[in-house]
Each structure stands twice: as C-alpha cells, then as structure tokens.
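A short write-up of the structure that comes next.
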C-alpha cells in the first residue's frame with residue numbers, strides 16, 4: 001500500500017469514529033456544540049439515534065452530513081454502504097436532499113461521488129453498489145426493500161410517519177451494523193416517534209434540542225447561534241402554551257388538549273365576563289347554513305365583544321332562513337350579515353340581495369386564501385378562527401348563553417401542526433372522525449369575525465361586500 005493510501009485509510013478509520021471531524025475537515029462544515037453528541041452517537045455500531053428538535057437546530061444538517069460520511073467512510077467492495085433517506089412527505093425528502101447537495105458540492109470528497117437530485121453514489125466502479133437515495137415512504141414493501149451489511153436508515157420529520165414505517169425500518173435493519181437516525185419537531189403525545197422519544201423503546205439514544213431557553217417572563221433566547229432571536233419572538237406571539245411555540249421552539253411534545261384552539265378556562269371566563277364589556281358597533285350576524293338535515297342552521301348575533309344571542313334550528317328551508325336574516329338586517333340598520341359564498345348559501349344570499357339589503361352582506365370563502373397575512377394562515381377559515389381564538393385568549397369576548405352547544409364546540413376544535421408553521425384548523429371530516437358533531441354554532445361565531453369591532457385594527461377583517469338594490473320596509477325582529 002502506498003503512503004498516500006495508508007494515510008487515507010488512517011484518516012477513514014479516524015473519521016469512522018468521529019463523524020464531527022469528517023463534517024469539519026472534509027465538508028468544511030463546523031458542527032454546533034449542541035450537535036456534537038448526536039453525531040458521536042451515530043458512530044456507534046448498530047446505532048439507534050432519535051433527535052427531537054426545534055426548528056433551526058440543524059436536524060437536516062446532521063442528516064445530510066451523516067449521509068455523505070457513512071458512504072465515504074464505510075463503503076467497500078465487499079460490504080457496500082447503503083443510506084435510504086425517507087419521510088412521509090415528499091417535500092421533506094426534497095428539503096433534506098437540498099441540504100445533502102449543498103454540503104456535498106462543497107465537500108473535499110465531492111469528486112468521489114456521482115450526485116443527482118435525490119441519489120448519491122460512489123464513482124469508483126469497485127464501490128458502485130454503495131449509494132444513498134431519497135424517497136417518499138409510500139408503503140411497507142418499499143421501506144423494507146433495503147438490505148446491506150452496512151446500512152444507515154435516515155427518517156426526517158418522523159412525527160408524520162405512521163407506525164408501520166418504523167416497523168418497516170426495523171425489519172430492513174436486521175444485520176449487525178445497521179443503523180437508524182430519526183429526527184423531527186415533536187407533535188402530539190402519540191405514535192411510535194413519541195414512544196421512542198420518551199424512552200418507551202429500548203436501545204435508542206434520544207437527544208432533545210430546543211431552539212430556545214427561558215430566561216425571564218415571556219423572554220426566551222436561542223440555544224445556539226444557528227437560530228435568530230427574531231424567529232423565536234415571531235413564534236412567541238402565538239403564546240407560550242401555543243403548539244406553534246411549544247413544539248418548534250421548546251422541542252416539547254404537545255398534549256391533545258393544548259391543540260384545542262380555545263381552552264375550557266378561557267371559554268368559561270368569557271361566559272362569566274358577560275355584562276362587563278362595553279357593547280359597541282357594529283352588530284354582526286354570522287350565518288352558518290346547514291348542508292344536511294341533521295346539522296343545525298345557526299345564526300350568531302355579536303355586538304362588539306358581546307355574543308348576544310344564538311338562533312338555531314333544523315330542517316328549515318332557505319326561504320325561512322332568508323326571512324329571519326332580512327328581519328335582523330332591518331332591525332339593525334348598521335349591522336352586517338356574514339355568510340359563506342357557497343352553493344348551500346346561494347338561496348339565502350339571493351333573497352337578501354333581492355330585498356335590497358345586499359350591500360350589507362359580507363361573503364366569506366373559508367377555503368380561499370387569507371385576506372391578511374398569507375405567511376401566517378393556511379386559508380381564510382384558519383384566519384377567522386385565529387381572530388376568534390385571540391378574542392378568547394385576550395378576554396375580548398363575552399358569551400351571553402351558559403351551558404350552550406357553543407362551549408363544547410369551541411373548546412373541542414383543534415389546530416393542526418404543519419411543517420411550514422402556518423396556522424391551520426382541522427377539517428370537519430377530521431372532527432367527524434374524532435366523533436365530533438358539526439360545529440354549527442362555532443362556525444357562525446367564526447364567520448362573525450370577518451367584521452371588526454369599532455376601533456379594532458384587524459388586518460383582513462373584511463371580505464368584499466356585495467351591493468344590493470332597494471330598501472325593504474321595516475320588519476319585526
């Protein structure tokens with residue numbers, strides 16, 4: 001063996017035990033101190049490594065570095081190295097491979113690899129069976145199909161992986177030096193990722209990497225220079241107990257109740273608050289028209305911060321709903337009526353417009369884009385739920401009715417955890433799967449949020465208003 005080959009072999013033997021040195025000396029990427037224990041754990045034969053990390057702590061950086069390190073340092077003619085990288089989300093696989101391509105292009109070992117968008121292999125014909133590949137985890141058969149004596153399975157955004165995916169990885173990693181790295185921002189306290197992270201599965205090295213630590217009243221600072229203070233403060237605006245702060249910043253799992261957009265305590269406080277808040281314009285009527293017979297048509301009358309009255313009924317024709325809405329608009333000359341712009345609502349909208357009161361209709365498309373911050377909200381429905389949620393959180397709402405269906409509905413609706421951190425509300429189909437009835441009263445209240453109270457600065461608080469014709473004689477409300 002030449003001196004050069006001997007030096008290379010010695011370096012490889014060192015790097016096999018010290019991946020952090022490979023990343024720094026070969027890839028030119030200096031790992032942060034919080035990442036070093038994770039990298040060193042990956043060097044153990046038959047490693048099982050779990051990262052529960054906040055946003056920005058370098059989970060994909062670690063995964064990308066381990067991908068190249070394992071291929072370069074462990075692939076041989078006799079024992080090819082194979083690195084499957086996967087996720088339940090194709091987008092997440094793409095993000096990881098963007099990181100792999102970025103660092104491997106800068107690596108001093110880049111000439112040793114053939115690098116494609118989602119595949120990486122060693123150029124040496126004797127080592128051609130050593131490769132890494134990125135793919136979406138579609139089924140167990142695909143995930144189980146990787147076998148090699150030197151195998152390192154990498155799973156990104158593990159919280160979204162169904163339990164069968166973890167079993168498939170374990171089936172694939174059946175030989176002595178088969179390793180696994182899973183990483184994710186935490187989600188709910190359920191599923192196999194949670195069980196591994198909480199120590200309910202033997203043999204795993206688990207690392208919690210929060211993005212921030214608390215140093216005072218509502219004051220958090222980054223745990224690493226990789227994260228900006230601005231990014232922490234931006235998420236903190238959702239609240240210290242918000243899922244959007246607890247999971248991606250504190251790297252803590254979320255209890256099922258904390259996913260509910262309105263807490264029971266905040267709702268009961270709103271009931272107890274009625275009569276204390278000053279009522280002011282405008283009067284708003286949120287109209288939720290029933291799609292099917294078992295659902296209720298619900299009308300919510302809100303005057304400023306005060307939810308004054310609900311009117312709810314089943315099996316009533318659109319003409320009757322329209323008559324009631326027209327009566328209300330006549331009785332409240334400065335009031336606004338908010339209704340969805342859908343097929344089920346068309347008859348009511350047409351009747352009100354024909355009455356000459358169409359200029360006081362605010363039409364909402366819940367599935368459409370938000371009117372305000374498109375980076376913060378998934379859709380218009382999420383945006384209006386956010387305004388409703390914030391009223392409860394800040395004490396800017398009071399409920400006249402006690403022990404009404406509204407309480408059970410509002411405190412049961414959940415937010416969803418998204419990789420892009422946009423606020424989203426679970427769908428009605430998802431509520432139904434949990435055994436929850438249609439939240440008709442809550443939807444009526446949510447719709448009323450499309451009109452801001454006098455003096456409020458609510459970005460995106462108004463939708464387009466359709467203009468109608470002549471005035472209608474006064475009706476009794």
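Descriptive notes on the structure:
- Qualifying residue in the range 71-79 (condition: more than 24 Å from residue 149 (Cβ to Cβ), assigned by TED's automatic domain parsing to the domain that holds residue 173, at pLDDT below 95 and in contact with a strand residue (DSSP E or B) (Cβ under 6 Å, 6 or more places away or on another chain)): no
- For the range 34-64, a residue qualifies if it is under 17 Å from residue 205 (Cβ atoms) and either outside the structural domain of residue 199 (by TED's automatic domain parsing) or assigned to a helix (DSSP H, G or I) (or both), and the qualifying residues are 34, 35, 36, 37, 38, 39, 40, 41, 42, 59, 62, 63.
- The range 126-143, residues that are surrounded by fewer than 22 Cβ atoms within 10 Å (Cβ to Cβ) and at pLDDT below 95: 126, 127, 128, 129, 136, 138, 139, 140, 141, 142
- No other residue among 333, 366 is in a loop (DSSP other than H, G, I, E, B) and within 17 Å of residue 450 (Cα to Cα) apart from 366.
- Filter pass, residue 304 being loosely packed, with under 15 Cβ neighbours inside 10 Å and either at positive phi or not assigned by TED's automatic domain parsing to the domain that holds residue 347 (or both): no
- Filtering 436, 431 for residues that are within 23 Å of the chain's Cα centre (by Cα), within 30 Å of residue 92 (Cβ to Cβ) and modelled with pLDDT under 80 leaves a single hit, 436.
- Selection from the range 193-224 of residues that are outside the structural domain of residue 33 (by TED's automatic domain parsing), exposed (fewer than 15 other Cβ atoms within 10 Å of the Cβ), assigned to a loop (DSSP other than H, G, I, E, B) and within 23 Å of the chain's Cα centre (by Cα): 218
- Of the residues in the range 270-281, at least one is within 31 Å of the chain's Cα centre (by Cα) and either surrounded by 14 or more Cβ atoms within 10 Å (Cβ to Cβ) or in a loop (DSSP other than H, G, I, E, B) (or both).
- Among the residues making up the range 1-22, a single one is more than 22 Å from residue 33 (Cα to Cα) and touching a residue at least 24 places away in the same chain (Cβ under 8 Å): 12.
- Selected residue (only one of 343, 324, 349 is more than 14 Å from residue 445 (Cβ to Cβ) and assigned to a loop (DSSP other than H, G, I, E, B)): 343
- Enumeration of residues in the range 162-192 that are more than 24 Å from residue 58 (Cβ to Cβ), in a helix (DSSP H, G or I) and within 21 Å of the chain's Cα centre (by Cα): 163
- Residue-level check: of (1) touching a strand residue (DSSP E or B) at 6+ places or on another chain (Cβ under 9 Å); (2) without any contact (Cβ under 8 Å) to a residue 60 or more places away in the chain; (3) closer than 14 Å to residue 182 by Cα, residue 115 misses just (3).
The values are calculated or read from the model by the stated rules, or taken from the named source; none is laboratory data. What you see is a predicted model, and the numbers here were worked out from it, not measured in a lab. With ideal geometry, Cβ positions are generated from the backbone for all residues, glycine too; neighbour counts draw on all protein chains shown.
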